[in-house]
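Please treat every number below as a calculation from the coordinates, not as lab data. Computed from a predicted model, the values in this text were never measured in an experiment. Ideal geometry is used to build each Cβ from the backbone, glycine not excepted, and the neighbour counts take in all protein chains shown.
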Protein chains: 2
Amino acid sequence: MFTGLSAFPLTPLREDRLDAPAFERIVRMLAGSGVDSITMLGSTGSYAYLDRGERQEALATALAAAGETPVIAGIGALRTSAVLDHAQDAQDAGAQALLLAPMTYQALTEDDVFGLFSDVLERVAVPVVVYDNPGTTHFRFSDALYGRLAALPGIASIKIPGIPAGITAAERLAQLRDVVPPEVTIGISGDAFAADALRAGCEAWYSVIAGTLPGPALRIARAALGGDPSATAEAAAAMRPLWSLFARHGSLRVVAAIAEERGLVRAHPLPLPIRGLGERERAHVREALAAVPGG
Amino acid sequence: MFTGLSAFPLTPLREDRLDAPAFERIVRMLAGSGVDSITMLGSTGSYAYLDRGERQEALATALAAAGETPVIAGIGALRTSAVLDHAQDAQDAGAQALLLAPMTYQALTEDDVFGLFSDVLERVAVPVVVYDNPGTTHFRFSDALYGRLAALPGIASIKIPGIPAGITAAERLAQLRDVVPPEVTIGISGDAFAADALRAGCEAWYSVIAGTLPGPALRIARAALGGDPSATAEAAAAMRPLWSLFARHGSLRVVAAIAEERGLVRAHPLPLPIRGLGERERAHVREALAAVPGG
């Protein structure tokens, strides 16, 4: 479950409530696409904006729609007690694993974050993925903290945010493997980094785009993990205009626009105050999509 | 209400629930101290960590304890619909004004933030303070956005985070007064900047330290607003060791330790995953406090 391609679906809203029929269609589409797992209630799934009842409804909807595809569920919240509630709910609903990012309002110390993961692992029976997403959490993991967490029983995988400038994916993975034991997988996020990172030895791709366009993501993942450099390069090159839009507007606004464009969700699926892209930006999204074979 | 010293109390927890008796004691102490207003459920009041029911209980407690001292209530949340709920609750409880910071998980655009404030102002009858706290929200207001917001009917004050390096407080205030009309007050936060900013013409000090040690803050505010430079300098100098600790550990952890030290709250008043200061840091807090006359 912690290798290959994990797709991060949107949790679409309709008039500020969960659009359960649209969410079910998306999860069913992903389950039918051949992705290796579905990670619901990730950042792309707007977990941070949803209350406990909404998350429970989303869990019930997704777990009914996912069939045999394993479901990892995000459980993050600003307060430990809320994280523990979400963890219990996700387990009770049948999620096979949990994803936890250290959300912040007040800056957290490494000991705060270690304590959060320890408190969760004491209470849960399913594996936990460490979710390092500094663009949204503003918490920066050190490699030493990765190492401390990876040594905790129950940590199954670490989702890293990308490859820093000035270092190759292979060099970065070697650094990480110095502190992370082999039974804990390392997964790349930051879709633009995925092709290189998978070729360099990342075992998983935790993917925003795969939650809305699983086909093009699967082509990259299969070529990269199958050791076909030219097919990887070709599949990855077609996505570059989309990655530029991710960088400019944030991946969430772009995949929401794609989902609207494809009729997967209704207009305005994101939680306010996040407004969707304007008409000019949507035209750029359509252009970028036109370059993606099967996109 | 939007001038002078506004004290930001802690919202203390006890075993992960609101410690209402301790909170009531703190608010009563502040009301008796002579501060010009009390801003509850600010960042120091852990608003971001509290659910709707907890905030309602805190509102009822504080408004009963504040007597004649005006109460401004924080209403921030990640989602607009939650902000509107909190605004309604605060108004219903009797808060005289509202404080709103643009909390973020996904980065917000200026139009997102303008839309958030507009949506709130359409629904509320009491004035709103714009809360610019980039250290916690990671949103950076431009001066142009200050200007757009200050022009909205209902905006009463702007709480600025401090004075940027390389510019004097007077120069910064002149820049702000170019875009903010005179009927909207400008208040300083970042306690370390307060003495200079008040002397340079800031009309209000939105103060963390005043929520726990109102006396020393009142001395600075009265000297600065009363035009007594030497008394201002003396009162401000005594606080410098505390400001250093604020910078090192975050003001919240330091004021929580002071409140514990003074018996205002029980041990561990902060919401996990935020752990309090360790014993060594608490010794530094005690040393810094010893330098504060009446602290």
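Rg (Å, one decimal) plus Dmax (Å, integer) for the alpha carbons of the protein assembly as shown?
Values for the protein assembly as shown (Cα only, Rg and Dmax): 24.9, 75 Å.
Pull up all non-local amide H partners of A:ILE186: gap of 5 or more, or a different chain, and H-to-H distance under 5 Å with H placed in the peptide plane.
Amide H neighbours of A:ILE186: A:ILE158, A:GLU203, A:ALA204.
Test of the criteria: in the range B:25-112, which GluC sites (Glu not before Pro) are in a DSSP loop and have at most 16 other Cβ atoms within 10 angstrom of their Cβ?
Working: sites: B:GLU54, B:GLU57, B:GLU68, B:GLU110; in loops: B:GLU68.
Sparse-neighbourhood loop GluC sites (Glu not before Pro): B:GLU68.
Do the sum for the protein assembly as shown: with -39,500 (n - 2.57) for every DSSP H run of n ≥ 4, divided by all residues, what is the mean residue ellipticity at 222 nm, to the nearest 500 deg cm²/dmol? If you can, show how the numbers build up before the last one.
Numbers: 26 runs with 278 residues, N = 590.
For the protein assembly as shown, the value works out to -14000 deg cm²/dmol.
Can you give me the pair-distance distribution of the range B:89-167, C-alpha pairs, 5 Å bins, whole percents?
Reading the bins upward from 0: 3, 14, 26, 25, 17, 10, 3, 1, 0.
With +1 on the Cβ of every Lys and Arg and -1 on the Cβ of every Asp and Glu, and nothing else charged, how large is the dipole of the range A:205-295 about its Cα centre, in debye rounded to the nearest 20?
Values: 11 positive and 7 negative charges, 42 e Å.
It comes to approximately 200 debye.
Test of understanding: given chain A, find the longest segment containing no trypsin sites (Lys or Arg not before Pro) that are in a DSSP loop and have at most 14 other Cβ atoms within 10 Å. Display every interim value, and only then the final one.
Values: sites that count: A:ARG140, A:ARG262.
It works out to A:1-139.
Lys and Arg at +1, Asp and Glu at -1: add these up for the other residues within a Cβ distance under 9 Å of B:GLY187 and post the number. All intermediate terms of the calculation are to be shown ahead of the outcome.
Working: positive: B:LYS159; negative: B:GLU203.
Summing Lys/Arg as +1 and Asp/Glu as -1 gives 0.
So who's got an amide H within less than 5 Å of the one on B:VAL180, skipping anything under 5 residues away but keeping other chains? H placed 1.01 Å off N, in plane.
Excluding prolines and chain starts, which carry no amide H, there are no hits.
With springs only between Cα atoms under 10 Å, which of A:ALA66, A:ALA231, A:ALA194 fluctuates most in a Gaussian network model of chain A?
A:ALA231
Could you list, bin by bin from short to long, the percent of Cα-Cα pairs of the range A:199-260 in 10 Å steps?
Reading upward from the zero bin: 22, 52, 25, 2.
Please work out, to two decimal places, the log10 of the ratio I(q)/I(0) at q = 0.07, 0.08, 0.16, 0.17 Å⁻¹ from a Debye calculation in which every Cα of the range B:4-226 carries one identical scatterer.
The calculated log intensity ratios at q = 0.07, 0.08, 0.16, 0.17 Å⁻¹ are -0.19, -0.25, -1.08, -1.22.
Give a residue-ordered list of calculated ³J(HN,Hα) values for the range B:67-83 (Karplus: 6.51 cos²θ - 1.76 cosθ + 1.60, θ = phi - 60°; whole Hz; x for Gly, Pro).
x, 7, 6, x, 10, 9, 10, x, 10, x, 6, 5, 10, 4, 5, 5, 4
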